[in-house]
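Asker: Submitted below is the structure of interest, expressed as structure tokens.
What follows draws every value from the coordinates through simple rules; no lab data is involved. The structure displayed is predicted, hence computed values, not measured ones. When we count neighbours, we look across all protein chains shown, and the Cβ atoms used for this are built from the backbone with ideal geometry, even at glycine.
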């Protein structure tokens, strides 16, 4: 969803009108109270408890809607392109016009998740930690490995489907074969140790008797102690073999077989009857496993699908990191732009998926950079410019650094700057829409 225009009824036949840039609108020269009031209007007009004024929006389906909330009169929603009233689609359970409830949101939740302050950026989230981990990797190698994992997974699934089985069946076969091999190794080791320890323990025990009778009972411990150690070692080898047997049996039970021989007769011969198909499946599984190991070595336990879904956000955070490194900032600020950028990326992504139907909402920045050092801001502002290609951003600020940057960027048409042009005026006429796109009279 994108905001097009906000009109607020200020009373005494005066109105406040504000047009928004489709990508990034920077409203400068507004203090804390003004920002709070504007934020309440932006969210409240979408909700059900706001009267006075109107809001034009375009949703993710491309519908151009106008929400009219006249004081003391019926509230309406109109599809501007079709010229029809669509109020009934946006009524809540109480019969009120409420576009937020249609997306599973209430006003407090929407306001909290749509607005970002400086405190929000310094509060670390789990998603930001994951993005931090992936943004610190070599991006070219990271996404090459991610694509290989995805490609081999798709290929494995397709081959398994053609063979009349599933990747899980192949994994089950490999698990059983691995556990059976471990059991055979443990069994062979136990048998070898059992014969050797039996002979040594017998010799030690026999030798202990004459030593105790003819030399000294205490000296017989020299034979008894080794016999005991050998017996304990034999027991440990037996325990290892039993553990391997139990692991194999557990894997067989998951496959619905009672024995290793029965498994081959019942499952391998039916699901993987073609030796060529079996080799192809095993080869495909090996390729997927190698790709997964490579991914794990770089990204740890971050799921590949999650990374691919948030690829744009991770790449943006990586760019912030590169800019921060190039700026040669000293002291604490070395990592600060990266940390703030990663959290900002998370909040941007959250707004893009805010609605229960997947509807996006603009992200409203409530002067989040004002307390940061000037050297930190350029990388974060460039991040905003890049992110505005994917969603609408509204920046409410009283920060001169941000205002200066915005005025320069506005020359390219990438954003709109709205700032007071006459401090003595309190409202502007709603018909003054041409000028309201470039200034806000307060």
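Asker: Find how much the distance from residue 74 to residue 137 grows on full extension, using 0.36 nm per residue of separation minus their present alpha carbon separation; answer in nm with one decimal.
Answerer: 17.1 nm
Asker: Using a basic spin-label model with each label point 7 Å from the Cα along Cα→Cβ, how many nm lie between residue 292 and residue 89?
Answerer: Distance between the two pseudo-spin positions: 4.4 nm.
Asker: Using the basic label-point model (7 angstrom from Cα toward the beta carbon), what is the residue 239 to residue 144 distance in nanometres?
Answerer: 4.8 nm
Asker: How would you rank 302, 418, 97, going from fewest to most other Cβ atoms within 10 Å of each one's own Cβ?
Answerer: Lowest to highest Cβ neighbour count: 302, 97, 418.
Asker: Let me ask another. Report the calculated FRET efficiency for residue 232 and residue 178 (r = Cβ-Cβ distance, R0 = 22 Å), to the nearest 0.05.
Answerer: About 0.15, to the nearest 0.05.
Asker: Rank these for me by crowding, 370, 30, going from fewest to most other beta carbons within 10 Å.
Answerer: By the 10 Å Cβ count, ascending: 370, 30.
Asker: When each pair of different Cα atoms in the stretch 1-139 is counted once in the 1/r mean, what is the Kirkwood radius in angstroms, to one decimal?
Answerer: Its Kirkwood hydrodynamic radius stands at 17.0 Å.
Asker: Quick one: what do you get for the stretch 70-120 if you divide its Cα Rg by 2.2 N^0.38 Å?
Answerer: Cα-based Rg divided by the globular estimate yields 1.46.
Asker: By the gyration tensor of its Cα atoms, with a ≥ b ≥ c the square roots of the eigenvalues, what is the shape of the stretch 12-66: rounded for a/c under 1.5, prolate for a/b over b/c, or oblate?
Answerer: oblate
Asker: Would you list 233, 293, 3 from fewest to most Cβ contacts within 10 Å?
Answerer: Ranking 233, 293, 3 by Cβ neighbours within 10 Å, fewest first, gives 293, 233, 3.
Asker: How long is the gain from residue 301 to residue 353 if the chain were fully straight, where each residue apart is worth 0.36 nm and the alpha carbon distance is subtracted?
Answerer: Extra length from residue 301 to residue 353 when fully extended: 16.4 nm.
Asker: Along the Cα→Cβ direction, 7 angstrom out, place labels at residue 154 and residue 411. What is the inter-label distance in nm?
Answerer: Modelled inter-label distance: 4.5 nm.
Asker: Suppose the chain between residue 125 and residue 322 were pulled fully straight at 0.36 nm per residue; how much longer would it get relative to their current alpha carbon spacing?
Answerer: 68.8 nm
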